[in-house]
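The values are calculated or read from the model by the stated rules, or taken from the named source; none is laboratory data. Quantities reported herein were computed from a predicted structural model and do not represent experimental measurements. Note that we place each Cβ from the backbone using ideal geometry, even for glycine, and neighbour counts take in every protein chain shown. These area figures cover heavy atoms from the full protein model, side chains too; ligands, DNA and RNA do not enter into them. Shrake-Rupley method; radii C 1.70, N 1.55, O 1.52, S 1.80 Å.
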Amino acid sequence: MDLRAISVEDVRRAIALHEELGQEEFLRRYGFGPPRSYGLVVDGRTYPSKAIVGVAHEFATGSPLTSAEFNGGRGQTVPVLESLGFVVTDSVRASNEQAYMLLWNPENYIWPEDDRLGILTATMSGNTYMERWSIYANSTKVRIGDRVFLRKTGHQPRGIVASGIVSGSPVADAHWADIEGRPTTYVDIDWDAMVEPEDVLDLSDLAEEHPSSAWAAPGGGARIPEEARDALESAWDSHVDEVLSSYRANTESEPSHEQEIRVRYGQAVVKIRRHQREFRKMLLNKLLHECEFPGCGITSVEVLDAAHIVPDAEGGQATLDNGLLLCANHHRAMDKMLMRYVGDGEFKWADGVVPF
């Protein structure tokens, strides 16, 4: 890696390729996830700064950089671009996007290891990982595209352990702790960054500089005020880059038993996700851009999933005949066998399930 070899012309060639391919294909081709907070501003348009630098490195040296090989934000990406005279913004979100604080107390909820490691390995490879999480306050206000941060509570250390984007509308379901008669609201989250529980971002300094009830709210879903959110985004981005650098350094050394498991699992996750992206791209090219569940009405490409009619785990192929475009909620319902596709655009719900 030689970031110093990148020139202004290399960056502009990467931007031109981004324009030619479109952002979704550009990020997919080079293995980058959507930008978390920083964007490269050129001629009034905003581009994914880290991905642009990774591709510019290929024009400069002949070898592209993957997301896992260098840091974004103020760690490496921003200084490189600013040294070349480019403008980088620390806000790439939509003007109406809100941010909320979700909670995780390991003493009350044991996070399934497959999911937790799935998010961690996706983070290290620049991908996202979808999972459902509970929300209490503002459950009727949260919208697809909103930003969420996950605060670890309970025993020390306490602080931010993950971040993501809301990818599904709120749904009510049984309480995660199996408390009878007490339903809970959940949202699907595309987690984009995570650290190990012992490496959380401490919020003490942020709480002192930007007082807000969100830092210590007892229930998940507190809205994070704009100014506090900007400070949190910047601190979190720098923290994630620093922590991931240490993870990569440890993995490159003689791995422990735990690290070997994580590496093998990470390789499997990346392989599956690449396959899924190709499947989704094929369906988007061939099918109407809408959730195929009758009456759903969701047409936003950003939240349409590629669903297997016969599950991948049961030998179902990634073919047009075995594929459906579904919103995240109806896709999850199929994965959890709450409903199944019976053909000709019809679905059948499992006994006892209330259709939604």
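Could you provide, to the nearest whole Å², the per residue accessible area of the stretch 1-90 with probe 1.4 Å?
Details: 4090 Å² over 90 residues.
Heavy-atom accessible area per residue stands at 45 Å².
Given the rule -39500 (n - 2.57) for each run of at least 4 DSSP H residues, summed and divided by the residues of the chain, what is its mean residue ellipticity at 222 nm, to the nearest 500 deg cm²/dmol? Write out the running numbers ahead of the final one.
On the way: 9 runs with 125 residues, N = 356.
Calculated at 222 nm, the ellipticity per residue is -11500 deg cm²/dmol.
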Overall Cα dimensions of the stretch 313-356, principal axis frame, Å, largest first: 31, 23, 18
The stretch 146-206, accessible area per residue, ligands and nucleic acids excluded (1.4 Å, Å²): 40 Å²
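How would you classify the chain from its alpha-carbon gyration tensor, with a ≥ b ≥ c the square roots of the eigenvalues: rounded for a/c under 1.5, else prolate if a/b is greater than b/c, otherwise oblate?
Details: a/c = 1.58, a/b = 1.19, b/c = 1.33.
Cα axes put the chain in the oblate bin.
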Neighbour net charge for Glu19 - beta-carbon separation under 12 angstrom, K R +1, D E -1: 0
The stretch 1-39 versus the stretch 147-184: alpha-carbon centroid distance in Å: 33 Å
Length released on extending from Gln23 to Arg143, taking residue separation times 0.36 nm less the Cα-Cα span: 40.9 nm
Candidate lysines for bridging to Lys336, where Cα separation is under 17 Å - those fewer than 8 sequence places away on the same chain excluded: Lys348
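Just by accessible area at a 1.4 angstrom probe, what is the order of Tyr136, Tyr341 from largest to smallest? Don't jump to the answer; show the numbers that get you there.
Details: Tyr136 95, Tyr341 55 Å².
Highest to lowest solvent-accessible surface, that is Tyr136, Tyr341.
Given a 1.4 Å probe and every protein chain left where it sits, what share in percent of the accessible area of the chain is carbon and sulfur? Write out the running numbers ahead of the final one.
Numbers: 8790 of 17770 Å².
Carbon and sulfur atoms account for 49 percent of the accessible area of the chain.
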Per residue, in Å², the accessible surface of the stretch 296-356 once ligands and nucleic acids are set aside, probe 1.4 Å: 58 Å²
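What value in Å³ per residue do you get for the convex hull of the alpha-carbon atoms in the stretch 78-226? Let's see the in-between values first.
Values: hull volume 20.1 nm³, N = 149.
Convex hull of Cα atoms, per residue: 135 Å³.
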Extended-chain gain in nm, criterion 0.36 nm per residue less alpha-carbon gap, Ala16 and Ala216: 67.5 nm
